[in-house]
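Below: the structure, in structure tokens.
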Amino acid sequence: MNEVADLLRREHVTLVTLIGPGGTGKTRLALQAAAEVLGDFPDGVFFVPLAPLTDTALVLPAIATALGLREESGQPLIDRLRDALAARAALLVLDNREHRAEAAPAIGHLLGSAPRLKVLATSRLPAFAG
């Protein structure tokens, strides 16, 4: 847990992925590490479970819900998320990322446009391309 927390505290580390077979404690480790670094993210730590999502199109709405963003028409959700996260020092914990791997480009876009955003993901798969 300390190693994960240390990685999340590094300035240039924006994405940490915990990889392993199902049932090995990835989620538990992620939650413990997130609790450890809570004080380093004054704008919040947000847990986003991806396993229940049946479609990749639901990933951004799930993140928006975790952040407490209200539904709004007129602006694409990716832009609203980008704007909401741009100035925040926040951590997104994306659990079971392998269930919605196709969302990697959108997550990459958010990381690229929000300099103080970090993502801690859990996955059974080793890649988080995007």
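The values are calculated or read from the model by the stated rules, or taken from the named source; none is laboratory data. Predicted model only: the values in this text are computed from it and were never measured. Ideal geometry is used to build each Cβ from the backbone, glycine not excepted, and the neighbour counts take in all protein chains shown. Areas reflect the complete protein model, heavy atoms only, side chains present, ligands, DNA and RNA absent. Shrake-Rupley method; radii C 1.70, N 1.55, O 1.52, S 1.80 Å.
If you keep only loop residues by DSSP, which trypsin sites (Lys or Arg not before Pro) in region 39-88 have at most 12 other Cβ atoms within 10 Å of their Cβ?
Working: sites: Arg70, Arg80, Arg82, Arg88; in loops: Arg70, Arg88.
Answer in residue order: Arg70.
So what are the ³J(HN,Hα) numbers for region 30-35, from phi and the Karplus equation (6.51, -1.76, 1.60; θ = phi - 60°), rounded to whole Hz, Gly and Pro as x?
4, 5, 5, 5, 4, 5
Counting Lys +1, Arg +1, Asp -1, Glu -1, what net charge surrounds Leu111 among other residues with beta carbon under 11 Å of its beta carbon? Please list the in-between numbers first.
On the way: positive: Arg82, Arg116, Lys118; negative: none.
For residues surrounding Leu111, the net value is +3.
How many percent of all Cα-Cα pairs in region 11-88 sit more than 15 Å apart?
Values: 2008 of 3003 pairs.
The answer is 67 percent, as a whole percent.
Using a simple charge model, +1 on the beta-carbon of Lys and Arg, -1 on the beta-carbon of Asp and Glu, nothing else, what dipole does the chain show about its Cα centre, in debye to the nearest 20?
Magnitude of the dipole: close to 140 debye.
Could you tell me which of Gln32, Leu50, Gln75 has its Cα farthest along the dipole of region 23-130 towards the positive end, charges placed at Cβ (Lys, Arg +1; Asp, Glu -1), taken about the Cα centre?
Of Gln32, Leu50, Gln75, it is Gln32.
Testing the spin-label approximation: label points 7 Å from Cα along Cα→Cβ at Asp6 and Ser113. State their distance in nm.
Modelled inter-label distance: 3.5 nm.
For every other residue with a beta carbon closer than 11 angstrom to the beta carbon of Ala5, add +1 if it is Lys or Arg and -1 if Asp or Glu, then tell me the sum. Please report the intermediate quantities before stating the final value.
On the way: positive: Arg9, Arg10; negative: Glu3, Asp6, Glu36, Asp40.
Summing Lys/Arg as +1 and Asp/Glu as -1 gives -2.
Please compute, over every Cα-Cα pair in the chain, the percentage with a separation greater than 20 angstrom.
39 percent
Over the chain, what percent of the accessible surface lies on carbon and sulfur atoms, probe 1.4 Å? Display every interim value, and only then the final one.
Values: 3650 of 6840 Å².
Heavy-atom surface of the chain belonging to carbon and sulfur, 1.4 Å probe: 53 percent.
Per residue, how much accessible area does the chain have with a 1.4 Å probe, in Å²?
Working: 6840 Å² over 130 residues.
The answer is 53 Å² per residue.
Scan around Asp43 for amide H atoms under 5 Å from its own, H built in the peptide plane at 1.01 Å from N, and keep only partners 5 or more places away or cross-chain.
Residues meeting the amide H criterion: Ala89.
If you take the C-alpha gyration tensor of region 60-130, multiply each eigenvalue by 5 and take the square root, what semi-axes do you get, largest first, in whole Å? Intermediate values should be presented prior to the final figure.
Working: eigenvalues 82, 36, 25 Å².
Rounded to whole Å, the semi-axes are 20, 13, 11.
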